[in-house]
Amino acid sequence: MVKQQYPRLEVNLKALKENVESMVNLCKTQGVEIAGVTKGTTGLARCAKMFELGGCKMIASSRLEQIEEARDYGIELPYMLLRVPMISEIPEVIRLTDISLNSELSVLQALNEEAGLQSKTHEVILMADLGDLREGFWDKEEMLEVALEVENNMENLILSGVGTNLGCYGSVLATEEKLAELVVIAERIEKATGHELKYISGGATSSLMRVLDGDLPKRVNLLRCGEGILLARDLDIFYGYDMSFMRQDVYNLKAEIIEVKDKPTHPVGELAVDAFGKRPEYLDRGIRKRALIGIGKVDYGSMEEIFPKTCGVNIIGASSDHTILDIEDCCEDLKPGDILEFAVNYASLVYLTNCKNVQIEYIED
């Protein structure tokens, strides 16, 4: 078997646990519990363990194989399936998870039947689409009817709450007004069923803005949080929130230089499309020193999603397996074999942890 050192992603487990504790404690001041979302690291069990040790209410992922890995690792928290279940995977949903997000009556009926076959009860949260246009009931009358059907006719399911997703597809902000709509829906269902719901789940990391601003509707009591714990960069970069109380050094990407040459900055010859069928634009800056590193789009997705830590190093292009750097103004004399470090964001983290060519190294101090 080939043994390679690079590219490598370093994971600081101590820093991750500190982030979990910081976010759990912040949310607790407003009566909110956290479902720790592990899919951003492809469900790495050692990362999931930090969610448990840091105080999360449950472990959440959209992928059953990630939940199974965490279970096999010995993490004993309840497990939530984030993505509406596929009917084809219902037996595994009941076997592996304790609670799931739902928006289809036929899926709920299948969950109820399978839970009976496995002699289990399964909790469900009904999802309301408040305008982001991903999963959820658009017709709130239908949502109420389905809630009553679960409550009255599905003896193996527990109607535990309602939830919503905001920002992931339609980029709709999780405003106080939007989340108040969810509370209204919850209270209407509570009135119809005659009991209080256990959870009103007000979204994901994007809803943390309401916690930070102190205007989260009081009955919202569960958030499904991934990026805001794993990296804590989005609210800082896109919305200007001060996230200095969180550690943003949990993940560190390392890649090795494989070539250093002086070359033109504009391709020479008749231009067509690149390896991905695109027609990039090139700025002619004359001859400049360039470096290649042994990592590419297959490993991290998009070159815009990784960020060199060495001064004077700029990413100017990438193919499947190579990343091209301008190092003309670099503060160091770089050569083949040198290792460069990069910060990452959520999009690149998902790729890197899902790529078998990227080595994972855990740091615990």
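Any read-out appearing in this document is the output of simple, stated calculations on the displayed coordinates, not a laboratory observation. Since the structure is predicted, the reported quantities are computational estimates derived from the model, not experimental observations. We place every Cβ from the backbone using ideal geometry, glycine too, and count neighbours over all the protein chains shown.
Report the paramagnetic label zone for residue 359: residues of the range 316-341 whose backbone N is under 18 Å from a point 7 Å from Cα along the Cα-to-Cβ axis.
Those under the cut-off are 336-341.
Straight-line reach only, C-alpha to C-alpha below 27 angstrom: list the lysines that residue 335 could link to, leaving out same-chain residues fewer than 8 apart.
3, 254, 261, 263, 289, 297, 309, 356
Given points 7 Å out from each Cα along the Cα-Cβ axis, report the residue 73 to residue 241 separation in nanometres with one decimal.
Spacing of the two 7 Å Cα→Cβ label points: 2.4 nm.
Full-extension gain between residue 333 and residue 134, please, as 0.36 nm times their residue separation minus the C-alpha to C-alpha distance. Write down the numbers at each step before the final one.
On the way: separation 199, 0.36 × 199 = 71.64 nm, distance 4.89 nm.
Once the chain is fully extended between residue 333 and residue 134, it gains 66.7 nm.
Counting Lys and Arg as +1 and Asp and Glu as -1, what is the net charge of the other residues whose Cβ lies under 14 Å from the Cβ of residue 19? Don't skip to the answer; put the middle values down first.
On the way: positive: 14, 17, 49, 233, 247; negative: 18, 21, 52, 227, 234, 236, 249.
Spelling it out: positives minus negatives among the neighbours equals -2.
Measure nothing fancy, just the Cα-based angle from helix 176-193's long axis to the longest principal axis of the chain, in degrees from 0 to 90, nearest 10.
Helix 176-193 and the main axis of the chain meet at about 30 degrees.
Check the cysteines of the chain one by one and keep only those with no other cysteine Cβ under 4.7 Å from their own.
Here 27, 47, 56, 168, 225, 330, 355 come out as lacking a disulfide-compatible partner, given the Cβ-Cβ threshold of under 4.7 Å.
How much length is gained on full extension from residue 14 to residue 288, taking 0.36 nm per residue of separation minus their Cα-Cα distance?
Working: separation 274, 0.36 × 274 = 98.64 nm, distance 4.07 nm.
In short, 94.6 nm is gained.
Between residue 84 and residue 145, how many nm apart are label points set 7 Å from Cα along the C-beta direction?
1.6
How do 311, 330 rank when sorted from fewest to most other Cβ atoms within 10 Å of their own Cβ?
Numbers: 311 9, 330 18.
Listing 311, 330 from fewest to most nearby Cβ atoms yields 311, 330.
Just want the ordering: 127, 50, from fewest to most Cβ atoms lying within 10 Å of their own Cβ.
Placing the least packed residue first, the sequence is 127, 50.
Could you state the angle between the C-alpha long axis of helix 13-28 and the longest principal axis of the C-alpha atoms of the chain, as a value from 0 to 90 degrees rounded to the nearest 10?
With rounding to tens, the tilt is 40 degrees.
Read through the labelled values (i) 74, 46, 44; (ii) 62, 51, 49; (iii) 80, 45, 35 and report the label of the one computed as Cα extents along the principal axes in Å from the structure.
(i)
7 Å from Cα along Cα→Cβ at both residue 119 and residue 215: what's the point-to-point distance in nm?
5.3
If you fit an axis through the alpha-carbon atoms of helix 64-73 and take the longest principal axis of the Cα set of the chain, what angle between them do you get, 0 to 90°, nearest 10?
Rounded to the nearest ten degrees, it is 90.
Residue 120: which lysines have alpha carbons under 20 Å from its alpha carbon, excluding same-chain residues fewer than 8 sequence positions away?
The reachable lysines, counting only those whose Cα sits under 20 Å from residue 120, are 198.
Quick one: Debye curve from the alpha-carbon atoms of the range 251-363 only, equal weights, vacuum; give me log10 I(q)/I(0) at q = 0.10, 0.16, 0.19, 0.24 Å⁻¹ to two decimals.
-0.30, -0.76, -1.05, -1.49
Among the DSSP beta bridges whose two residues both lie in the chain, what percent are antiparallel, rounded to the nearest 5?
On the way: 26 of 59 bridges.
Counting only bridges with both partners in the chain, antiparallel ones make up about 45 percent.
For every helix of n ≥ 4 consecutive DSSP H residues, a contribution of -39,500 (n - 2.57) applies; sum these over the chain, divide by its total residues, and give [θ] at 222 nm rounded to the nearest 500 deg cm²/dmol.
Rounded to the nearest 500, the figure is -9000 deg cm²/dmol.
Taking the Cβ-Cβ separation of residue 262 and residue 307 as r and a Förster radius of 22 Å, what is the calculated FRET efficiency to the nearest 0.05? Intermediate results must be reported in sequence, preceding the final value.
Numbers: r = 25 Å, r/R0 = 1.12.
Using R0 = 22 Å, I get an efficiency of 0.35.
Calculated FRET efficiency, residue 153 and residue 183, Cβ-Cβ r, R0 30 Å, to nearest 0.05? Working shown, then result.
Details: r = 26 Å, r/R0 = 0.86.
The value I calculate is 0.70.
Got a sec? How would 352, 212 order by Cβ neighbour count within 10 Å, fewest to most? It would help to have the intermediate numbers written out before the result.
Numbers: 352 26, 212 15.
Going from sparsest to densest Cβ surroundings: 212, 352.
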